[in-house]
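Take a look at the structure set out below.
Every number in this text was worked out from the coordinates using simple rules, so none of it is lab data. Quick caveat, the model's predicted, so the values are computed rather than measured. Glycine also receives a Cβ, built like all others from the backbone with ideal geometry; neighbour counts cover every protein chain displayed.
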Amino acid sequence: MAFTTTVMPTSFKVEILKGVHNFSTGSGQTFKLALYNNSASFTAATTAYTTTNEVAASGSYAAGGGTLTKVTPTSTGTTAVTDFSDLSFTTATITAFGAMIYNDTATGNPAVAILNFSGAKTSTAGTFTIVFPAKTATGAIIRIA
Amino acid sequence: MFELKFGQMQNPVVKTSDFGGLSCEDLADLCADKIIGVAESAPPAIREQAKFFRERVQRAVFEYLNQAKRAERATCIQICVQGGEHDAANLLRRV
């Protein structure tokens with residue numbers, strides 16, 4: 001299998017209605033981003049974080065991935081948006097094809113987003129940075145219109 | 001009756017480097033992209049203006065990042081010198 005899609009898991013949409021996730025900066029939960037090799041085969045049916053096919057620890061990347069810095073949800077026009085600060089792993093030797101954002105606080109580590117890097121991204125004893133889109137009504141990583 | 005729609009998710013940008021951190025040029029690009037976004041559907045005149053402004057921002061950020069890098073290195077060299085680490089100071093001078 002291969003990493004083929006950037007998608008929001010269906011389970012996440014259900015969990016939003018159940019109030020499972022809280023993205024607020026102060027009282028919110030901890031969200032993490034884990035990196036995966038090309039054997040990972042996530043789809044909209046993916047529900048939770050898994051260690052299977054996660055890249056090995058290297059440099060500042062540890063098992064489970066890195067903690068994301070949240071940006072409190074706001075609205076822009078009639079669209080609700082939230083965002084994360086860019087995440088960097090330093091002095092890391094990593095080859096990753098994609099990533100999963102998941103809720104590290106909620107029971108079962110439910111998945112929030114599956115991100116496809118559109119090919120292998122490699123750092124060798126260097127910096128591996130994931131850049132999130134600007135927090136706009138048309139670009140933010142999570143938007144509800 | 002009411003429909004909540006999640007926006008189409010975009011592929012993230014990934015920047016990597018080998019044997020060190022990201023270059024000032026990479027960081028300036030990331031910074032400019034955070035400040036200025038141009039929709040492909042925007043009118044051509046606005047799109048061109050926004051792209052021109054983005055280039056100016058990128059160049060300014062690049063220049064100041066380079067200055068910050070040199071200033072930080074100068075500070076580190078002085079810390080090494082004051083700590084008697086002259087070899088380390090010389091290594092930093094050659095970076």
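Structural remarks
- With a cut-off of 11 Å on the backbone N, the residues of segment B:30-56 near the modelled label site 7 Å out from A:Thr79 along Cα-Cβ are B:39.
- Segment B:5-51 and segment A:27-81 have Cα centres lying 20 Å from one another.
- Restraint check, A:Lys121/B:Lys51; A:Lys18/B:Lys51; A:Lys18/B:Lys15; A:Lys13/B:Lys51; A:Lys13/A:Lys121, Cα-Cα greater than 32 Å: A:Lys18/B:Lys51; A:Lys18/B:Lys15; A:Lys13/B:Lys51
- Estimated FRET transfer efficiency when R0 is 22 angstrom, pair B:Thr75-A:Ala62 (beta carbons, to 0.05): 0.15
- Taken along its principal axes, the alpha carbon cloud of chain A reaches lengths of 42, 27, 26 Å, longest axis first.
- In this structure, A:Asn22 and B:Glu63 have a Cβ-Cβ separation that, at R0 = 30 Å, corresponds to a calculated FRET efficiency of about 0.15.
- Label zone at A:Ala137, where the point sits 7 Å out along the Cα-to-Cβ direction: segment B:24-49 residues whose backbone N lies under 17 Å: B:37-43
- Per-peptide packing, taken as the mean over residues of other Cβ atoms within 10 Å, places A:65-71, A:27-33 in the sequence A:65-71, A:27-33 from highest down.
- With a 10 Å cut-off around each Cβ of A:92-104, the average count of Cβ atoms from other chains is 1.
- With Cα atoms, 0 to 90° folded angle of helix B:44-82 axis to chain B main axis: 20 degrees
- Basic side chains Lys and Arg get +1 at the Cβ, acidic Asp and Glu get -1 at the Cβ, and with that the dipole of segment B:24-94 about its Cα centre reaches some 200 debye.
- Only lysines eight or more places from A:Lys70 in sequence, or on another chain, were considered; those with a Cα closer than 17 Å are A:Lys32, A:Lys135, B:Lys34.
- Set of aspartates and glutamates near B:Lys5 by C-alpha distance (under 20 Å), chain-local residues within fewer than 8 positions excluded: A:Glu15, A:Asp83
- The rule of thumb for compact globular proteins, 2.2 N^0.38 Å, goes into the C-alpha radius of gyration of chain B 1.67 times.
- Computed from backbone phi with θ = phi - 60° and the Karplus coefficients 6.51, -1.76 and 1.60, the 3J(HN,Hα) list for segment B:23-28 is 6, 4, 5, 4, 5, 5 Hz; x is used for glycine and proline.
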